[in-house]
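Enquirer: Mind looking over this structure? Questions follow.
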Amino acid sequence: MFTRNVVKRNFFRDSLQLMRISEEARKIPGVLDAAVVMGTWTNKEVLRRLGMLTGEGEAASENDMILALKVEDESRLGDAISAVEEMLLKTVEVSGEQEQRYFSVESALEAMPDANLAVVSVPGEYAREVAMRFLERGVHVHLFSDHVPIEHEVELKRYAAECGLLVLGPGAGTSIINGRAIAFANVVRRGEVGIVAAAGTGLQEVSVLLDRIGLGVSQGLGIGGNDVKSAVGGIMAVECIKALEADAETRLIMLVSKPPDRDVMERITRFIAEETRKPFVVCFLGETEYKPLKRIARRVSSARGLHAAVLDAARKLNPKSFNAARRKITISQTELSKLAARLAKNLKPGQRHVRALYTGGTLMYEALLIYRELIGDVYSNAPLNEEMRLPDPYKSVGDAVIDLGEEEFTAGRAHPMIDPTIRRLRLVDEARDPSVAVVLMDFMLGYGAHRDPAGAMLEAIREARGIASAEGRELVVMGHVCGTEADPQGLREQEEKLRSVGVEIFPTNALMVIASALVARRGKINKTKLRKVCRSFLRM
Amino acid sequence: MPELPTDVKKAMKESKTLKLFRSELKVINVGLETFYEALKAQDVAAIHVSWQPPPKLEKELRDVLDKLI
């Protein structure tokens, strides 16, 4: 077996193009494994762990591209490298042949003068320039880019608000506009709930759960996590609420976010109280429950978690439908305890820890909040409490929750919702640790996501369970598939694939997290705490 | 041009977002091509801009030119 790295100096393709080329390159005869990546620290670390980094690759800079190939027979290397180089050239040529392509914003605006939305995902440092050109032409912007300097965000949003335009983002992973999925979003039924979310996978989870209980979404507007910080002042939160209040299709407005900074919280609360009349469900994922002002308390309900927020929406829209809605996504506390006991039955006494491997940032944050109350603060690469920051994000200790969408795992790589490589490696690492009782994972469906997220993990799940079993242990694996039957991947098919390798499936993230804590602690969780969490997060 | 009354300006502004909600989407995608493909798969009228970062040298030259101008 031979491994070779070829470095292309100052050569750029985006991470998704490179992931596809890597997939194609693995199909070249004689190639055992292939990875074509930009030379970032993260990518080099992944290559090292795959045993595919050589001295040449190590010396590459982040502006360089690394072609890493593992072949059976050295004589195949030359042909394989030529084939990959050809693929790299084709990514530009083929696109050009298939249909009309544009190479500047101006030429695109000329070709589509009545464009009403721009989806912008250029690197953050260029985002202002690109987004502003659209705003100046009266086009709303969904800005997916992250690492946009906050002063650029403020400038864009102030300008947009002045002109009555939307800037959704930066860092907006998800929007649903006029029933269409923008960036990472699910195919959900249209309906009466308008969502404003400063939390991308939070928007995905609530829209999917609304769909499951028979409700639908009028508009789902992602505003980016920084919008509710003092520096931005909730500019788009207020603009979006204003738009949904005026929208005849929207009967109830849902706000999903981590708790805003105090001044922004006051601004939003005042705006809701003084400028709106529709019912609201406010889901500020926080340590304590947000209390709406007395004068609007009947119109505005408050939830700490996504599952609870969806049930609150059902209750507000039709109180009679609440119990039926709850049955669709919740099991009783007794059933939950029984399930946990069954799953924990074969665990060894030393298996005490949970390891959660998340691709969705908001879902992982919700997990941190729930664990804090049930089993105390857990380790993380994005912890609630700095003392619990993992010294090495690539290595778990104790109970640990990992956000695989954080910078240390994504620099120069496609997001883990698209590229499962890092989670596969991590799952196998977790399985080697004899203290692990349960591993949990989210599987995000919808447009933008991997075409088969469950299928992409099956081999790693089998391997992980095999490692534990070879050492006389059983590893409990839990999954929550955030998706609908109408998503391109199909909910049922994804869930079935996971069940076929022994994954226990949960309809919501909150339910999965509570169950995992019960499994790891063998049901020994303070009853008052458990009851409180079940009420706050599940409306049990 | 005389300043519009605040409520008129407000109504004009609101109408842009409401107009978006009531219109067929027409999208220009700049950057990740996968988002363009997702839009096409949903039958959304969309075009794609194959965006590339400006070469470093060009930026340096532009800075020099900016200074000269």
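Enquirer: Among A:Met52, A:Met417, what is the fewest-to-most ranking by other Cβ atoms within 10 Å?
Expert: A:Met52, A:Met417
Enquirer: In addition: Which entries of A:Lys44/A:Lys348; A:Lys8/A:Lys44; A:Lys291/B:Lys16 have Cα-Cα distances beyond 25 Å here?
Expert: From A:Lys44/A:Lys348; A:Lys8/A:Lys44; A:Lys291/B:Lys16, over 25 Å: A:Lys44/A:Lys348; A:Lys291/B:Lys16.
Enquirer: Let me ask something else about it. In nm², what is the average projected area of the convex hull enclosing the Cα atoms of segment A:2-98?
Expert: It is 5.8 nm².
Enquirer: Here's a follow-up. I need the fraction of alpha carbon pairs in segment A:406-473 separated by more than 19 Å, rounded to a whole percent.
Expert: Summing the P(r) tail past 19 Å for segment A:406-473 gives 38 percent.
Enquirer: Length gain on complete extension for the stretch A:Ser230 to A:Arg299, per 0.36 nm per residue less the alpha carbon to alpha carbon distance?
Expert: So the chain would gain 22.2 nm between A:Ser230 and A:Arg299.
Enquirer: What residues of segment A:373-393 lie in the reach of a label at A:Arg49, counting those whose backbone N is under 12 Å from a point 7 Å from the Cα along Cα→Cβ?
Expert: A:393
Enquirer: Per residue of segment A:132-146, what does 6.51 cos²θ - 1.76 cosθ + 1.60 with θ = phi - 60° give for ³J(HN,Hα)? Whole Hz please, x for Gly and Pro, Karplus curve as stated.
Expert: 4, 4, 6, 4, 4, 9, x, 9, 5, 10, 9, 9, 6, 3, 10
Enquirer: Could you put A:Cys283, A:Cys534 in order, starting from the residue whose Cβ has the fewest other Cβ atoms within 10 Å?
Expert: The order, fewest Cβ neighbours first, is A:Cys534, A:Cys283.
Enquirer: From the alpha carbon gyration tensor of segment A:83-197, can you work out the equivalent ellipsoid semi-axes (sqrt of 5 times each eigenvalue) and give them in Å, largest to smallest?
Expert: Result for segment A:83-197: semi-axes of 26, 19, 16 Å.
Enquirer: Can you classify segment A:447-540 as rounded, prolate or oblate using the Cα gyration tensor, where a ≥ b ≥ c are the square roots of its eigenvalues, rounded means a/c under 1.5, and otherwise it's prolate if a/b beats b/c and oblate if not?
Expert: oblate
Enquirer: Continuing with the same structure: Given only helices, namely DSSP H runs of n ≥ 4 each adding -39500 (n - 2.57), what is the per-residue ellipticity at 222 nm of the protein assembly as shown, to the nearest 500 deg cm²/dmol?
Expert: -14000 deg cm²/dmol
Enquirer: Moving on. Order by neighbour count: A:Lys229, A:Lys497, A:Lys27, A:Lys348, fewest other Cβ atoms within 10 Å first, most last.
Expert: Values: A:Lys229 18, A:Lys497 22, A:Lys27 9, A:Lys348 14.
The most exposed by this proxy come first: A:Lys27, A:Lys348, A:Lys229, A:Lys497.
Enquirer: Follow-up question, since we're still on this one. Just subtract the alpha-carbon distance of A:Glu485 and A:Arg342 from 0.36 nm times their residue separation and send over the number in nm, one decimal.
Expert: 48.6 nm
Enquirer: Sort largest first and round to whole Å: the equivalent ellipsoid semi-axes of chain A, each the square root of five times a Cα gyration tensor eigenvalue.
Expert: Values: eigenvalues 271, 216, 74 Å².
In descending order, the three semi-axes are 37, 33, 19 Å.
Enquirer: Roughly speaking, what is the stretch gain from A:Ser469 to A:Asp377, that is 0.36 nm per residue apart minus the C-alpha to C-alpha distance, in nm to one decimal?
Expert: 30.2 nm
Enquirer: Of A:Val37, A:Val217, A:His152, which is farthest along the charge dipole of the protein assembly as shown in the positive direction, counting Lys and Arg as +1 and Asp and Glu as -1 at C-beta?
Expert: About the Cα centre, the residue reaching furthest to the positive side is A:Val217.
Enquirer: Let me ask you something else. Per-residue mean of other chain beta-carbon atoms within 10 angstrom of the beta-carbon, peptide B:36-48? Each step should come with its number before you reach the end.
Expert: Numbers: counts 3, 3, 12, 7, 1, 3, 8, 1, 6, 4, 5, 10, 7.
Counting other chains' Cβ atoms within 10 Å and averaging over B:36-48 gives 5.
Enquirer: Read phi for every residue in segment A:208-214 and hand back ³J(HN,Hα) as whole Hz from Karplus 6.51 cos²θ - 1.76 cosθ + 1.60, θ = phi - 60°, with x for Gly and Pro.
Expert: Per residue, the Karplus-derived 3J(HN,Hα) values read 5, 5, 4, 4, 5, 8, x Hz.
Enquirer: Over every pair of different alpha-carbon atoms in segment A:144-268, take the mean of 1/r and invert it; report that Kirkwood radius in Å.
Expert: Numbers: mean 1/r = 0.0703 Å⁻¹.
Mean inverse Cα-Cα distance, inverted, gives 14.2 Å.
Enquirer: Would you kindly derive the ³J(HN,Hα) couplings of segment A:387-394 from the backbone phi angles with the Karplus curve 6.51 cos²θ - 1.76 cosθ + 1.60 (θ = phi - 60°), listing them in order in whole Hz, with x for Gly and Pro?
Expert: 5, 9, 6, 5, x, 10, x, 7
Enquirer: With +1 on each Lys and Arg Cβ and -1 on each Asp and Glu Cβ, and nothing else charged, work out how big the dipole of segment A:1-92 is about its Cα centre, in Debye to the nearest 20.
Expert: Using Cβ point charges on Lys, Arg, Asp and Glu, segment A:1-92 gives about 160 debye.
Enquirer: In addition: When Cβ neighbours within 10 Å are restricted to other protein chains, what is their mean count per residue of peptide A:116-126?
Expert: Whole-number average of other-chain Cβ neighbours for A:116-126 is 6.
Enquirer: Please give the FRET efficiency for A:Glu289 paired with A:Ser75, using the beta carbon to beta carbon distance and R0 = 56 Å, rounded to the nearest 0.05. Could the numbers behind the result be given before it?
Expert: Values: r = 67 Å, r/R0 = 1.19.
Efficiency for this residue pair is about 0.25.
Enquirer: State, as an integer percentage, the relative contact order of segment A:333-538 based on alpha-carbon contacts under 8 Å between residues 6 or more apart.
Expert: On the way: 378 pairs, mean separation 56.0, N = 206.
Relative CO of segment A:333-538 lands at 27 percent.
Enquirer: 5 Å is the cut-off here: which amide hydrogens, built 1.01 Å from N in the peptide plane, fall below it relative to A:Val282, excluding neighbours closer than 5 in sequence?
Expert: Correct list: A:Leu255, A:Ser301, A:Ser302, A:Ala303.
Rule-based calculations on the coordinates, nothing more; no lab input. In this text, all values refer to a predicted model and were calculated from it rather than measured experimentally. Neighbour counts run over all protein chains shown; Cβ positions are idealised from the backbone, glycine included.
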